[in-house]
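The values are calculated or read from the model by the stated rules, or taken from the named source; none is laboratory data. Everything numeric in this text was worked out from a predicted model, so none of it was measured. Because the Cβ atoms are built from the backbone with ideal geometry, glycine has one as well, and the counts that use them run over all protein chains shown.
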């Protein structure tokens, strides 16, 4: 099977591991910078081209960065038009990247979420904070990733100032209740093909409220509860994702989903859990290719 990994750089850990896993399973793997791809959109013979050559893959693994979701999703969609199986479909990638839309869909599905509020006008800040409740508050830029654009406001006055500043920049924001009992830690659950294959707990660095590993957080194996497993599988199903990292907070009300990542990193989860996550993704692609013929 010819496997295409859509990624900006072949040296990224996740990309390199996917190529390695595909090769170990007897496949031919290539890394293609999706921003260098261009498309021939026609009803008779849709094509994806790179450096003047038409790309021919039996399956693809999209590793689409948040900054380039629009174009990356378009490339994945073009491969779908060519009937090439993909680890995640273009619509699901775009759905997961829209934080507000994804939270609304998860809410409709009845899944646990932190109390969240969203507004446009700075004249509605008071009502926005009333929805969330007492401080502290987590204020998030909708376009932020990897902990960037996330602010902890300890007081109502601080929250009002941060929200007003963001809105003056015409930035869309979410305000969420800070889950005190999580102590700045979260759980990453990795789902492939409707099965939980690995999990880890991420612990925030001292003085930090975000548990992202590239913000100094550390990770270790974790025993997942049945509710955490069920919530993670339901979240990926709701958004239409087949490969995803589901981030949870452990609260007094049970697991609360804070994000579902369509291009989750493999380094932290593989090292913390000892699971061959890249191999599981390639195995899933094999099964999808066989099912589709």
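Among the residues that make up the range 40-54, is at least one of them crowded, with 18+ Cβ neighbours inside 10 Å, closer than 23 Å to residue 244 by Cβ and modelled with pLDDT of 95 or more? Checking the range 40-54: not a single residue is crowded, with 18+ Cβ neighbours inside 10 Å, closer than 23 Å to residue 244 by Cβ and modelled with pLDDT of 95 or more. Restricting to the range 108-117, count the residues that are in contact with a strand residue (DSSP E or B) (Cβ under 8 Å, 6 or more places away or on another chain) and either crowded, with 16+ Cβ neighbours inside 10 Å or at pLDDT 95 or above (or both). Counting residues in the range 108-117 that are in contact with a strand residue (DSSP E or B) (Cβ under 8 Å, 6 or more places away or on another chain) and either crowded, with 16+ Cβ neighbours inside 10 Å or at pLDDT 95 or above (or both) gives 6.
Per-residue answers, yes or no, for (1) crowded, with 24+ Cβ neighbours inside 10 Å; (2) in contact with a helix residue (DSSP H, G or I) (Cβ under 8 Å, 6 or more places away or on another chain):
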site: 226; (1), (2): no, no
site: 230; (1), (2): no, no
site: 233; (1), (2): no, no
site: 237; (1), (2): no, no
site: 248; (1), (2): yes, yes
site: 251; (1), (2): no, yes
site: 260; (1), (2): yes, yes
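Going by what's in this entry, would residue 291 be described as outside the structural domain of residue 17 (by TED's automatic domain parsing), free of Cβ contacts under 8 Å to residues at least 24 places away in the same chain and within 28 Å of residue 58 (Cα to Cα)? Before you say what the answer is, go through the steps one by one.
Working: outside the structural domain of residue 17 (by TED's automatic domain parsing): yes; free of Cβ contacts under 8 Å to residues at least 24 places away in the same chain: yes; within 28 Å of residue 58 (Cα to Cα): yes.
Spelling it out, residue 291 is indeed outside the structural domain of residue 17 (by TED's automatic domain parsing), free of Cβ contacts under 8 Å to residues at least 24 places away in the same chain and within 28 Å of residue 58 (Cα to Cα).
State the number of residues belonging to the range 153-182 that are modelled with pLDDT of 85 or more and in contact with a strand residue (DSSP E or B) (Cβ under 6 Å, 6 or more places away or on another chain). Matching residues across the range 153-182 total 8. Considered as a group, the residues in the range 168-193 that are within 25 Å of the chain's Cα centre (by Cα) and in a helix (DSSP H, G or I) include one that is nearest to residue 133 (Cα to Cα), and that residue is 180. Output the number of the condition that residue 121 fails; it satisfies all remaining conditions of (1) over 23 Å from residue 250 (Cβ atoms); (2) in contact (Cβ under 8 Å) with a residue 60 or more places away in the chain. Tallying (1) over 23 Å from residue 250 (Cβ atoms); (2) in contact (Cβ under 8 Å) with a residue 60 or more places away in the chain, residue 121 fails exactly one: (2). Among the candidates 51, 96, 92, the residue that is closer than 24 Å to residue 8 by Cβ, touching a residue at least 12 places away in the same chain (Cβ under 8 Å) and in contact with a strand residue (DSSP E or B) (Cβ under 6 Å, 6 or more places away or on another chain) is uniquely 96.
From the list 246, 260, 275, the one residue that fits, being in a loop (DSSP other than H, G, I, E, B) and either free of Cβ contacts under 8 Å to residues at least 60 places away in the same chain or not assigned by TED's automatic domain parsing to the domain that holds residue 13 (or both), is 275.
So is residue 173 outside the structural domain of residue 45 (by TED's automatic domain parsing), surrounded by 14 or more Cβ atoms within 10 Å (Cβ to Cβ) and farther than 30 Å from residue 277 by Cα or not? Before you say what the answer is, go through the steps one by one.
Numbers: outside the structural domain of residue 45 (by TED's automatic domain parsing): yes; surrounded by 14 or more Cβ atoms within 10 Å (Cβ to Cβ): yes; farther than 30 Å from residue 277 by Cα: yes.
Taking the combined requirement at face value, the residue satisfies it.
Scanning the range 10-39 for residues that are surrounded by fewer than 16 Cβ atoms within 10 Å (Cβ to Cβ), farther than 30 Å from residue 271 by Cα and either at pLDDT below 95 or within 24 Å of the chain's Cα centre (by Cα) (or both) gives a single hit, 36.
For residue 59, the conditions (1) touching a residue at least 60 places away in the same chain (Cβ under 8 Å); (2) within 18 Å of residue 239 (Cα to Cα) all hold with the exception of (2).
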